[in-house]
Structures are given as C-alpha cells and as structure tokens.
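**Student:** Below is a structure I'd like to ask you about.
The values are calculated or read from the model by the stated rules, or taken from the named source; none is laboratory data. Bear in mind that the values here come from a model prediction, so they are computed numbers and not experimental data. Virtual Cβ from ideal backbone geometry, glycine too; neighbours counted across all protein chains shown.
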C-alpha cells in the first residue's frame, strides 16, 4: 500500500518554478469510468478552463483519446491509504466513495495538482487546494490566480498568496 496523502507538485512561493504535467498549459485528459464519472470529470475541467480563460490564459484541459487518464478506482482496489485522489505525471486516480462516483471537488482538487499547484493553507481562506475536510468544490479566485501564475499567464507578485510548500 502506498502511503501519503497526495503526490504533491509544488508551486514555489513567488511562482518562480512550476511543476505539474509537462504538457501544460494544454493537456488532453481521458476520463476512464462510467458515463456519470465522465460528466463529473468534464465539470471539473470546465471549472478550471473557465477560471483561467477569464484571466486571459489558454484553457488548460481538453477531453480526448490518448490523454492523461482520470480514472475512478473502486475502493477495494485503492492503494493510497486514506487519500481521496492521487495525481502523478501521467494520470489522476480518484477513489470511489461508498461504492459510487465521488463528487467533483476531488476531481477539481486533483486537476489543480496537474496544473502544478500544491496544497493551500487554510490560514488564507477557502481553497479547492486545501486538503481533506476544508476544501471547496469550486475554483476560487486564489486558486485561479495561483494557477495563472504557475502557467505563466498571470501576475506572480512576491506577496502572492503562498500555497503551503
């Protein structure tokens, strides 16, 4: 069993270095799972695409074949301890919740990791990138600003909201 909460792709303070999927800012994703799951993934992608295009950024995600897999994993096959999602350089996995499709908040959170965002601190207010128990289901202004900075299409002020490192 793998331990750890998530594979974290750090967004350094001041936005001087970005890590996430290497084909950003235009990654193709391929949802793997039932139709209901594909709708959840499409909704999460739309939230990030809308938030970033409003800042003049290219839309970071498209759905298509041969892209990064976003898979709904049955709970009995889950191998990441208590984490709800896992992101690495090629895919996102999200654990089923009570035998059914998990809400889109986990997908939005994991897509944030694919963009290069780390977990945010609750000290600065709500965020989709806050870990278990305090996250939101939507992309908030602080999330979109951090992602725009990470993608190089937004300002990166030295006093920007510092996501946890």
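**Student:** Report yes if residue 124 is more than 24 Å from residue 32 (Cα to Cα) and touching a residue at least 24 places away in the same chain (Cβ under 8 Å), otherwise no.
**Tutor:** Here the answer is yes, as residue 124 does meet what is asked.
**Student:** Now for a different question. For the range 72-95, what are the residues that are more than 19 Å from residue 117 (Cα to Cα), crowded, with 19+ Cβ neighbours inside 10 Å and touching a residue at least 24 places away in the same chain (Cβ under 8 Å)?
**Tutor:** The one that is more than 19 Å from residue 117 (Cα to Cα), crowded, with 19+ Cβ neighbours inside 10 Å and touching a residue at least 24 places away in the same chain (Cβ under 8 Å): 72.
**Student:** Given the criterion surrounded by 22 or more Cβ atoms within 10 Å (Cβ to Cβ), at pLDDT 90 or above and part of a loop (DSSP other than H, G, I, E, B), identify the matching residue among 108, 139.
**Tutor:** Unique residue meeting the criteria: 139.
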